[in-house]
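Encoded as structure tokens, the structure appears first; notes follow it.
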Amino acid sequence: MFLCAPLLVLGVIGFFCWLLFTLAVFALPTVAGVYAGIWAFHTGAGVLGAIVVGLMATAVTFGIGQLLLIFVPWTWTKLLIVAAYTAPAVVAGYGATHGITLMAMSSPVWQTIFSVVGAIAVGITALLRISGMAAYTGQPGRT
């Protein structure tokens, strides 16, 4: 048991880091869905209605982003769309990394440094994944 516990902890930390990097792309649709669900609950939709509204808002937000990336012809507009989807991922990366560093180290300066590094890493990963979702619409006939 003495040898298994540290390996288990490392495995769990690795799993959550993988999960964070994988799901960082969906930070904006998730936040939109959560806020829409909270709004629906507080306006009297009930728990089930709030869940349905939240899931629909999440799907619509993600779908609109994908459609905009496909059909907008200007590169600068695509960059703005990618930045809008990347910004919440950076905030989520900072929060997740800061939560881990709060448990791992006592110095607030190093906590902040590692949190910023984690936010940058998550932001770059989300930027690359979202940019990869954007379809390249070059001119036909050119390679």
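Taken together, the values in this text are just the output of simple stated rules run on the coordinates, not laboratory data. The structure displayed is predicted, hence computed values, not measured ones. In this analysis, Cβ positions are derived from the backbone assuming ideal geometry, glycine residues included, and neighbour counts consider all displayed protein chains.
For segment 74-134, averaging the sequence separation of C-alpha pairs within contact (under 8 Å, six or more residues apart) and dividing by the residue count gives a relative contact order of 45 percent.
If R0 is 25 Å, what FRET efficiency do you get for ILE38 and ILE124 from their C-beta distance, rounded to 0.05? That pair, ILE38 with ILE124, gives E of 0.25. Fewest neighbouring Cβ atoms within 10 Å first, the residues CYS4, CYS17 line up as CYS4, CYS17. Taking every C-alpha pair closer than 8 Å and separated by at least 6 residues, the mean separation divided by the residue count of the chain gives a relative contact order of 26 percent. Rounded to 0.05, the FRET efficiency of the TRP76 and LEU19 pair, given R0 = 35 Å and the Cβ-Cβ distance, is 0.60. Shown for the chain are the DSSP H helices of 18 Å or more along their axis, judged by Cα atoms, with a mean Kyte-Doolittle hydropathy of at least 1.6: 4-23, 46-71. For segment 74-134, the spread of Cα positions along the three principal axes, ordered from largest to smallest, is 47, 15, 12 Å. Exposure proxy shown here: for TYR85, TYR35, the number of other Cβ atoms within 10 Å sets the order, fewest to most, as TYR35, TYR85. Among (i) 1.00; (ii) 1.18; (iii) 1.31, which is the computed Cα Rg over 2.2 N^0.38 Å? Read-out from the structure maps to (iii).
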